[in-house]
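Asker: The following block contains the structure, expressed as C-alpha cells.
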Amino acid sequence: MVNEADITRAAEIVAKAKNLVAFSGAGVSAESGIPTFRDPGGIWDRFDPDEVGTTGGIFSAAARKPEAIRSFLSETVETFEKARPNPGHFALAELERMNILRSVITQNIDDLHFQAGNTRVLEVHGNLYRQRCLACNKKTKLTKEKYLSKARSVLIEAKEFDLSNLLTLMPTCECGSSMRPDVVMFGEAVQVVPESIQEASTCDVMLILGTSGVVYPAASLPRYARGSGAKIIDINPREHPFADMSDVVISEKTGVALPRILEEVKKIRGE
Ligand code: NAD
Ligand code: ZN
C-alpha cells in the first residue's frame with residue numbers, strides 16, 4: 001500500500017518546485033519488463049559481467065561460445081522489443097508538459113523517457129539505439145524498430161550464429177568505418193557529465209527513482225543537488241541508498257507512486 005502521507009508530502013514539494021530534476025535508474029523501467037541489474041533474478045544473476053559487460057568480452061565470448069552469447073543477446077532483443085514506457089515514465093513526461101520538470105538524468109539506455117514524451121533527457125550511460133562511429137565518433141540515432149528488427153534477423157532468425165553475425169549488426173558510418181551502440185560498458189567513460197552535474201547543482205528538488213546508487217560517478221549526482229540545498233524525494237520499493245539526505249522516502253514502485261504524486265500535484269495547482 002502506498003503511504004498516503006508520504007505521497008502528499010512529496011506532492012507538496014513537487015508542486016512548489018521551480019527547477020525539478022529527476023534522476024532515474026533501472027528500477028524505473030522494471031515495470032516495463034526490463035530486468036534491473038541487481039534485483040534477484042536480474043541480469044547479473046544469470047550472466048557473467050566480465051563476459052557481457054564489455055564490448056571486448058562480448059566479442060571474445062562470441063568467438064569461444066557463440067550459443068551462450070546468442071542466448072544473452074536474443075533475450076535482450078526480445079526484452080527491448082516488448083518494452084513500452086510505463087505509468088512512471090508517463091507521469092514524468094506530464095510533469096515536463098506542466099513546466100514543472102526541467103530534465104531527467106537517467107542511467108538507463110532504453111530510450112523509454114524519450115518514448116514517453118520527455119524532451120530533455122541526459123543519458124549518462126548512453127542509448128542503445130544511438131550508434132557511434134569507432135573511427136570518427138559521429139553519432140546517429142536509429143529507430144527502435146530499425147535497430148531491433150536487424151538484431152532479430154541476425155540473432156534470433158539466423159540459422160547459425162558466430163562472430164560474423166555480430167559484426168553485421170554494426171552499421172557502416174559515412175566515413176567507411178564500423179559503428180557500435182553508444183552505450184557505456186564497464187570501464188568506459190560516462191557521458192554528459194558536466195551537463196548532469198550542472199543540472200543536479202542547480203535544481204531545487206530532485207526525484208531519485210529506482211536506483212541502487214552504487215554505479216559511480218552517476219551515483220554522486222544527488223550529493224550535488226543536496227549540496228546546493230535541493231530537497232530530495234527517493235522512490236524505491238526495496239532500498240533507499242540516499243535516505244540520509246532525503247526529505248521524503250517512498251517505499252513503492254515508481255509506476256505506482258509517480259502517477260499518485262502527479263494526481264496530487266494537479267489538485268494542489270487546481271489543474
Ligand atoms: P540497479 O539494477 O543497480 O538497481 C535497481 C534499483 O531499482 C534497485 O534499488 C531496486 O530496488 C529498484 N527497483 C526495482 N523495481 C523497481 C520499481 N518498480 N520502481 C522503482 N524502483 C525499483 O540499477 P541502477 O542503479 O540503475 O544501476 C544499474 C546500471 O545498469 C545503470 O547504470 C544502467 O546503466 C544499467 N541498466 C540499465 C537498464 C535499462 O536501461 N533499463 C536496465 C538494467 C541496467
Ligand atoms: Zn565515421
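The values are calculated or read from the model by the stated rules, or taken from the named source; none is laboratory data. Because the structure is predicted, anything quoted here is derived from the model rather than measured. We place every Cβ from the backbone using ideal geometry, glycine too, and count neighbours over all the protein chains shown. Heads up: the accessible areas ignore ligands, DNA and RNA and are worked out on the full protein's heavy atoms, side chains in. Shrake-Rupley method; radii C 1.70, N 1.55, O 1.52, S 1.80 Å.
Asker: What are the semi-axes of the equivalent ellipsoid for region 206-252, taken as the square roots of 5 times the Cα gyration tensor eigenvalues, largest first, in whole Å?
Answerer: Largest first, region 206-252 gives 16, 13, 7 Å.
Asker: Something else: Find which of 131, 63, 205 sits farthest along the positive direction of the dipole of the chain, computed with +1 on the beta-carbon of Lys and Arg, -1 on that of Asp and Glu, about the Cα centre.
Answerer: Checking the options against the dipole of the chain, the answer is 131.
Asker: List every residue whose amide H lies under 5 Å from the amide H of residue 103, counting only residues 5 or more places away in sequence or on a different chain, with H placed 1.01 Å from N in the peptide plane.
Answerer: Amide H neighbours of residue 103: 22.
Asker: At what distance in nm do the modelled label points of residue 158 and residue 8 sit from each other, each positioned 7 Å from its Cα along Cα→Cβ?
Answerer: 5.9 nm
Asker: What is the calculated FRET efficiency for residue 177 to residue 143, with r their C-beta to C-beta distance and R₀ = 25 Å, to the nearest 0.05?
Answerer: Here the calculated transfer efficiency is 0.70.
Asker: Using a Förster distance of 22 Å, how high is the FRET efficiency between residue 247 and residue 268, based on the Cβ-Cβ distance and rounded to 0.05? The partial results should precede the final answer.
Answerer: Values: r = 17 Å, r/R0 = 0.76.
About 0.85, to the nearest 0.05.
Asker: Along the principal axes of its C-alpha atoms, what lengths does region 101-234 span, in descending order and rounded to whole Å?
Answerer: The principal-axis extents, from largest down, are 56, 28, 26 Å.
Asker: Might you work out the accessible area of residue 186 for me, using a 1.4 Å probe with all protein chains in place, and round it to the nearest 10 Å²?
Answerer: 100 Å²
Asker: Send over the Kirkwood Rh of region 76-153, from the inverse of the averaged 1/r over different Cα pairs, rounded to one decimal Å.
Answerer: 13.6 Å
Asker: May I ask you to work out the translational diffusion coefficient for the chain at 4 °C, viscosity 1.567 mPa s, via Stokes-Einstein with Rh from the Kirkwood sum over Cα pairs, reported in whole µm²/s?
Answerer: So the translational diffusion coefficient is about 66 µm²/s.
Asker: So, with +1 on the Cβ of K and R and -1 on the Cβ of D and E, and no other charges, what is the size of the charge dipole of the chain about its Cα centre, to the nearest 20 debye?
Answerer: Numbers: 33 positive and 36 negative charges, 135 e Å.
With Lys and Arg at +1 and Asp and Glu at -1, about 640 debye.
Asker: Rg and Dmax of region 7-138, using alpha carbons, in Å: what are they?
Answerer: Taking only Cα atoms of region 7-138, I get Rg and Dmax of 17.5, 56 Å.
Asker: Calculate, for the chain, the solvent-accessible area per residue in square angstrom, rolling a 1.4 angstrom probe over the heavy atoms of the protein chains.
Answerer: 46 Å²
Asker: Direction-averaged shadow area of the convex hull around the Cα atoms of region 1-81, nm²?
Answerer: Over every viewing direction, the Cα hull of region 1-81 projects on average to 8.1 nm².
Asker: Too long at a 20 Å Cα-Cα cut-off: which of 18/267; 16/253; 82/146; 141/253?
Answerer: Listed pairs above 20 Å: 16/253; 141/253.
Asker: Another question, if that's okay. ³J(HN,Hα) across region 216-232 via Karplus (A = 6.51, B = -1.76, C = 1.60, θ = phi - 60°), whole Hz, x for Gly/Pro?
Answerer: Going residue by residue, I get 9, x, 3, 5, 8, 4, x, 5, 5, 5, 4, x, 9, x, 6, 7, 10 Hz, with x marking Gly and Pro.
Asker: Here is a further query. Where the accessible area of the chain is counted over protein heavy atoms with a 1.4 Å probe, how much of it, in %, is carbon and sulfur?
Answerer: That share works out to 54 percent.
Asker: I've got another one for you. Given region 167-271, report the % of alpha carbon pairs whose separation exceeds 24 Å.
Answerer: 43 percent
Asker: Okay, moving on. Find the relative contact order for the chain and round it to a whole percent, using C-alpha pairs within less than 8 Å whose residues are 6+ positions apart. Numbers along the way, then the final one.
Answerer: Values: 472 pairs, mean separation 72.5, N = 271.
Normalised by residue count, the contact order of the chain is 27 percent.
Asker: Same structure again: Identify all aspartates and glutamates with a Cα-Cα distance to residue 150 below 20 Å; exclude those on the same chain that are fewer than 8 residues away in sequence.
Answerer: 67, 75, 78, 81, 110, 111, 160, 162, 174, 182
Asker: Projecting each Cα onto the charge dipole of the chain (Lys/Arg +1, Asp/Glu -1 at the beta carbon, about the Cα centre), which of 29, 121, 254 comes out farthest on the positive side?
Answerer: Positive-most Cα among the choices belongs to 121.
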